[in-house]
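Trainee: Have a look at this one.
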Amino acid sequence: MSVGATHFAGTRSVLVELDDLDSVLALGALLEANPLPGQLDVLAAASTILIKTDSWASARDIAAALPTLKLGSAPQNTGTLVKVPVHYDGEDLAEVARLTGMSIEGIINAHVSQLWRAAFGGFAPGFAYLRGENKLLEVPRRDSPRTTVPSGAVALAGDYSAVYPRASPGGWQLIGHTDAVLWDLDRENPALIRPQDRVQFTASRSALTLAASTAHAPAESRSTPAARHLEILEPGLQSLIQDLGRPGLGNLGVSASGAADTASARQANRLVGNAPDAALIENLLGTLRIRAHGDQVLALAGATAQLRIIPVDTDEFHLERTVGMDSPFALLDGETLTVTPSGSGLRNYLSVRGGLDVAPVLGSRSTDSMSGIGPAALTRGAILAVHAVTGAHVVGNPQPSTLPKPDEHGIFTLRISAGPRDDWFGTQGLARLTSQLWSASAESSRVGVRLSLSSGSSPLERIRTGELASEGVAVGALQVPPSGLPVLFLADHPVTGGYPVIAGVVAEDLPAAAQMPPGSSIRFVLVDPLTHNPHQPQAADRPGHKGKTA
């Protein structure tokens, strides 16, 4: 077996097409045993593998190296045998019987009499695509997906079976439910079923109850406040704990998450002398009030805001004062900081010297708003301990803002590379994507920026029929649903997607994408990932660039 066609997915990921699932499993096993230089994550799907890398140079090198790899056979029986008791009472049992021409008893016997192999993960943390030994139970997805499938539901789609680890939308055919907990952060291995595991379903004769899903971990780091901590007096619209995320867990259905604007987060940490991955507060649209317990050094970067410090009521020698952004400042014991938005940008990042002392979840302190992994959103009265500062950490000098700048017409420019599924839209689709203006809609979130049409613009149109099998997607992907209106995936995007991705925003422009408030006008400009220069400024910042109106 050999590797098939490769496509760039943005400038830091490569999508590999393979002949069949056996080839996918063989390449996945090879990359797991012998990671390529710069490889961060490997996301297997039915006929593709997405390889995420640490840089554009690594992506180019990996794309060049893949055709030289020789695939053997995927190792057999490398995982563990997991037994899952099922109460076969699913709402779609009768429909599955009609589709297969079998009786309900025959459906149950076919499900329990074969071993299922966990081919790959995706969709949600703990969700595993289980491939059977035969195709007796091959059925299509429902014509109309359910808005909510309960946690523990056992389902069929295509020639796969799966168990939903938490309540979520879904279009698979439901044949039963189990009390087995598919995802538990208190376990050493949170996923009950991991890729390569074998699963034996057994029919349970006793009544089962639906398992509850795992909740967010609390934001507070300890039961009694530390000597140095921050108290949240007003969290604003949305304040989350973030760091640089948890890459490398995509095969378990876990997105990397992390700060949406990594440039601003890194700058805020750099200004107070923290490591780049120190935990800090990501705040949406400003409006934040905090009180210091113990003397602190803080900095705010990202979306513009006014910073006002109110002294302790009993302190007659200190007056209320203002401080600037993108510069370190002192917040003394008992003082209150008020952050008020002042116009530009969408998210700002508040760092404190030492970093927030919040318990990590799967190696990261970041909050994943889609999967529910990580600390809960901050609420009034939350107490955030601060790490003690050890070693030499130099506080930084004031720095220029990291916010993106529009051109003279108010248009933001984002660079993109075509693919991996631009062939679903053809050259005319790419031409339409780049020749007209798009607008950031009010339905955007940390999952993605939903794009709407500007005056005179038209939706993208497919030139291929049928549906694309779910495959790995990268941050920055421009996924196009049937509406023809792209969604630009941000930090909390799903691990896999079933709509074609026409292009990907280059990694260096993703911080800018995360700062575009609803109504922002956006123009996309194509670059070649083989010649892309990550240090080249955005088009709107280059001398002599003239923006165009739609």
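The values are calculated or read from the model by the stated rules, or taken from the named source; none is laboratory data. Computed from a predicted model, the values in this text were never measured in an experiment. Backbone-built Cβ (ideal geometry, glycine too); neighbour counts: all protein chains shown.
Trainee: Looking only at region 35-44, decide whether some residue is in a helix (DSSP H, G or I) and not hydrophobic (A, V, I, L, M, F, W, C). Outline the logic, then answer.
Mentor: Taking region 35-44 and keeping what is in a helix (DSSP H, G or I), we get none.
So far as region 35-44 goes, no, none of its residues is in a helix (DSSP H, G or I) and not hydrophobic (A, V, I, L, M, F, W, C).
Trainee: I'd like to check which helices (runs of 4 or more DSSP H) are fully inside region 48-155 and have at least 3 residues that are in contact with a Lys or Arg (Cβ under 9 Å, 6 or more places away or on another chain). Spell out the reasoning first.
Mentor: Details: elements: 56-65, 93-100, 104-112.
The qualifying helices (runs of 4 or more DSSP H) are 56-65.
Trainee: Which residues, counting only those in region 363-400, are under 20 Å from Gly126 (Cα atoms) and not small (Gly, Ala, Ser)? Give the derivation first.
Mentor: First, pick out the residues of region 363-400 that are under 20 Å from Gly126 (Cα atoms): 363-376.
Across region 363-400, the qualifying residues are Arg365, Thr367, Asp368, Met370, Ile373, Pro375.
Trainee: Could we say that Leu478 is buried (at least 17 other Cβ atoms within 10 Å of the Cβ) and touching a helix residue (DSSP H, G or I) at 6+ places or on another chain (Cβ under 6 Å) here?
Mentor: Numbers: buried (at least 17 other Cβ atoms within 10 Å of the Cβ): yes; touching a helix residue (DSSP H, G or I) at 6+ places or on another chain (Cβ under 6 Å): no.
Judged against the criteria, Leu478 is not a match.
Trainee: Another one. Can you confirm whether region 237-254 contains a residue that is at pLDDT below 95 and either over 30 Å from Tyr164 (Cα atoms) or among the acidic types (Asp, Glu) (or both)?
Mentor: Within region 237-254 (the criterion being at pLDDT below 95 and either over 30 Å from Tyr164 (Cα atoms) or among the acidic types (Asp, Glu) (or both)), the answer is yes, since at least one residue qualifies.
Trainee: Looking at (1) at pLDDT 95 or above; (2) within 22 Å of Glu32 (Cβ to Cβ), can you tell me which one Gln200 breaks?
Mentor: The single condition Gln200 does not satisfy is (2).
Trainee: While we're here: Quick check on region 477-495. Is at least one of its residues over 30 Å from Ser55 (Cα atoms) and of a type in the set (A, V, I, L, M, F, W, C)?
Mentor: Scanning region 477-495 turns up no residue that is over 30 Å from Ser55 (Cα atoms) and of a type in the set (A, V, I, L, M, F, W, C).
Trainee: Identify, by number, the condition in (1) closer than 25 Å to Glu17 by Cβ; (2) out of contact with any His (no Cβ under 6 Å at 6 or more places or on another chain) that Trp56 doesn't meet.
Mentor: (2)
Trainee: Quick check, is Leu27 assigned to a helix (DSSP H, G or I), crowded, with 18+ Cβ neighbours inside 10 Å, among the aliphatic types (A, V, I, L, M) and not assigned by TED's automatic domain parsing to the domain that holds Ala477? Give the derivation first.
Mentor: Numbers: assigned to a helix (DSSP H, G or I): yes; crowded, with 18+ Cβ neighbours inside 10 Å: yes; among the aliphatic types (A, V, I, L, M): yes; not assigned by TED's automatic domain parsing to the domain that holds Ala477: yes.
Yes, satisfied.
Trainee: Shifting gears a bit: Condition first: modelled with pLDDT under 95 and of a type in the set (Asp, Glu). Now tell me which residues in region 447-488 satisfy that.
Mentor: Answer for region 447-488, where residues must be modelled with pLDDT under 95 and of a type in the set (Asp, Glu): Glu467, Glu471.
Trainee: Another one. Filter region 416-465 for residues that are without any contact (Cβ under 8 Å) to a residue 40 or more places away in the chain and of a type in the set (S, T, N, Q) and give the result.
Mentor: Correct list: Thr427, Gln428, Ser435, Ser452, Ser458, Thr465.
Trainee: Which one of these does Thr287 not meet: (1) closer than 23 Å to Thr367 by Cα; (2) β-branched (Val, Ile, Thr); (3) crowded, with 20+ Cβ neighbours inside 10 Å?
Mentor: It fails just one condition, (3).
Trainee: Here is a further query. For the subset of region 221-236 comprising residues that are surrounded by fewer than 17 Cβ atoms within 10 Å (Cβ to Cβ) and of a type in the set (A, V, I, L, M, F, W, C), which member is modelled with the lowest pLDDT? I'd like the intermediate steps shown before the answer.
Mentor: Start the filter on region 221-236 by keeping residues that are surrounded by fewer than 17 Cβ atoms within 10 Å (Cβ to Cβ), which leaves 222-227, 231, 233-234.
Within this subset, residues satisfying the condition of being of a type in the set (A, V, I, L, M, F, W, C) are 226-227, 233.
Working: Ala226: 64, Ala227: 74, Leu233: 97.
If we take residues in region 221-236 being surrounded by fewer than 17 Cβ atoms within 10 Å (Cβ to Cβ) and of a type in the set (A, V, I, L, M, F, W, C), then Ala226 is modelled with the lowest pLDDT.
Trainee: Now for a different question. Which residues, counting only those in region 316-372, are at pLDDT 95 or above and among the aromatic types (Phe, Trp, Tyr)?
Mentor: Matches in region 316-372: Phe329, Tyr349.
Trainee: OK, next. Tell me which of these Ala301 doesn't satisfy, since it passes every other one: (1) outside any strand (DSSP E or B); (2) touching a Ser or Thr at 6+ places or on another chain (Cβ under 9 Å); (3) small (Gly, Ala, Ser); (4) farther than 16 Å from Glu231 by Cβ.
Mentor: Checking Ala301 against (1) outside any strand (DSSP E or B); (2) touching a Ser or Thr at 6+ places or on another chain (Cβ under 9 Å); (3) small (Gly, Ala, Ser); (4) farther than 16 Å from Glu231 by Cβ, the one that fails is (1).
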